[in-house]
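Below you'll find the structure, written out as C-alpha cells, and then a few comments.
The values are calculated or read from the model by the stated rules, or taken from the named source; none is laboratory data. Small disclaimer: the values here were computed from a predicted structure and weren't measured. Cβ atoms come from the backbone with ideal geometry, glycine included; neighbour counts cover every protein chain shown. Ligands, DNA and RNA are stripped out before the accessible areas are found, and what is left, the full protein with its side chains, is counted by its heavy atoms. Shrake-Rupley method; radii C 1.70, N 1.55, O 1.52, S 1.80 Å.
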Amino acid sequence: MTPSTKTPVRQDRDALTPRAVHVVRGVNPHAPGSAHLKMGRTEILATVTLEDKPAPHMRGSKEGWLTAEYAMLPRATSDRQARERNLQNGRRHEIQRLLGRALRASMDLRHFRNQTLYVDCDVLVADGGTRVASVLAGHAALHDFCDRLIHSGKLSEWPVVHNVGAISVGLVGEELRVDLDYAEDKVARADLNVIATSDGKLIEVQGGAELGPITVDEYTRLLNAGVTAVGDVMQELSRQLAVIQGI
C-alpha cells in the first residue's frame, strides 16, 4: 500500500469476521440442484447438471467426473463488462480449474460412474471474493442435488465426503483481514484464497504478495486465519443448508 492510499474502514465486522453468508437452495426449477448464495454484496447462482455420459478421459473408470464453469454477468461490476464469449479468457479458466478441483475433492464420484456432473457458477453481483463465493455456492448446489437424489430414492448413500469451503485473506496495511471486499482487495499488500474442508484440511491456496515481499510468519498467519475462517463459514452454511427448499 502506498503512503497516499487510504485504508478502507470495515463496517459492522472486525478484521477476522467474514461477511454474512446467506444461501437459498432449489432456486432453479429446471436444474436438479441449485443455490443462490450471497456473501456480503457478492452474489452467485450455482446449478448442477448430471449428464449420463462419461468425460472422455474417464471412460472405463470406476468413478464419474465433475467439471465446473464460471462466468460473470456484464453488470456484475460497477462498469459493464463485455460478455465472456472469448474461450481464451485466462482468468476465467484459472477460476474454473480451481472450482473443479475444490468440488471434486468434496465428492465420492464412484456414485456417478460413467456420468459427468457439471457445476455452473454465475456471478450476479461482484464485490470481491467471487471465486471463493463460487466454491461455497457450488458446494451448496451439490448439497441440494444430493439431497434430492436421497429423498427420491435414486441414491442410498450420501456422496458428499467433505464439506469444502473457501475464503480470502489479506494484509491491508499492517492488519490481517479475512474475506476481503473489493475496496480492501485492491489495496491489499498480500492476499490469499484458501480452499479447505470444514475440519481444517487444506485443498488449495492461491495468491501471494502484491506490493513487495512478505515474511514467512505473515504468510503463515494468513493461512491459519483462512483455515479458521473457512470452518466458521462452513458451520453457518451447513446450518442454512439443513433447511430444505424447493424439493
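Some points to look at:
- Whole-angstrom gap from the range 88-120 to the range 146-215, using each part's C-alpha centre: 16 Å
- Helix 216-241 and the longest principal axis of the C-alpha atoms of the chain enclose an angle of approximately 40°.
- Extending 7 Å from Cα along the Cβ direction at N224 and again at A71 yields two label points whose distance is 4.3 nm.
- Accessible surface, per residue, of the chain when the full set of protein chains is kept, probe 1.4 Å, Å²: 50 Å²
- Pairwise FRET efficiency - R41 versus S152, Cβ, R0 = 41 Å, nearest 0.05: 0.70
- Antiparallel DSSP beta bridges within the chain, as percent of all bridges there, nearest 5: 85 percent
- 5 angstrom amide H check on A31, placed H, neighbours 5+ away: none
- Sparse packing (at most 16 other Cβ atoms within 10 Å of the Cβ) combined with a DSSP loop state is found for the following trypsin sites (Lys or Arg not before Pro) in the range 80-185: R80, R83, R85, R113, K154.
- The phi-based Karplus calculation (6.51 cos²θ - 1.76 cosθ + 1.60; θ = phi - 60°) puts the 3J(HN,Hα) values of the range 153-170 at x, 7, 9, 9, 10, 5, x, 7, 9, 9, 7, 9, x, 7, 7, 9, 9, x Hz, whole numbers, x for Gly and Pro.
- Modelled label reach - K186, point 7 Å along Cα→Cβ, the range 123-138 residues with backbone N closer than 11 Å: 128
- What the pair-distance distribution of the range 89-154 shows, using all Cα-Cα distances binned every 5 Å from zero, is 3, 14, 25, 24, 15, 10, 5, 2, 0 percent.
- Labels on offer are (i) 17.7, 56; (ii) 19.7, 57; (iii) 18.2, 61, and the one holding Rg and Dmax of the Cα atoms in Å computed from this structure is (iii).
- Descending principal axes extents, the range 136-247, alpha-carbon based, whole Å: 55, 25, 17
- 20 Å Cα-Cα reach of K186 towards lysines, excluding residues that sit fewer than 8 places from it in its own chain: K6
- Annotation: extensible slack from V216 through H111 equals 33.7 nm (criterion: 0.36 nm per residue apart, minus Cα-Cα distance).
- Under the Karplus curve 6.51 cos²θ - 1.76 cosθ + 1.60, θ = phi - 60°, whole-Hz ³J(HN,Hα) for the range 31-36, x wherever Gly or Pro sits: 9, x, x, 7, 7, 10
- Rounded percent of accessible protein surface that carbon and sulfur make up, the chain, 1.4 Å probe: 49 percent
- Nearby aspartates and glutamates by direct alpha-carbon distance to K62 (threshold 19 angstrom, same-chain neighbours under 8 apart not counted): E51, D52, D108, E157
- In this simple spin-label approximation, Q11 and Q240 carry label points 7 Å from Cα along the Cα→Cβ vector, and these lie 1.9 nm apart.
- Tensor-based shape of the range 52-166 (alpha-carbon gyration tensor, a/c under 1.5 rounded, otherwise prolate or oblate): prolate
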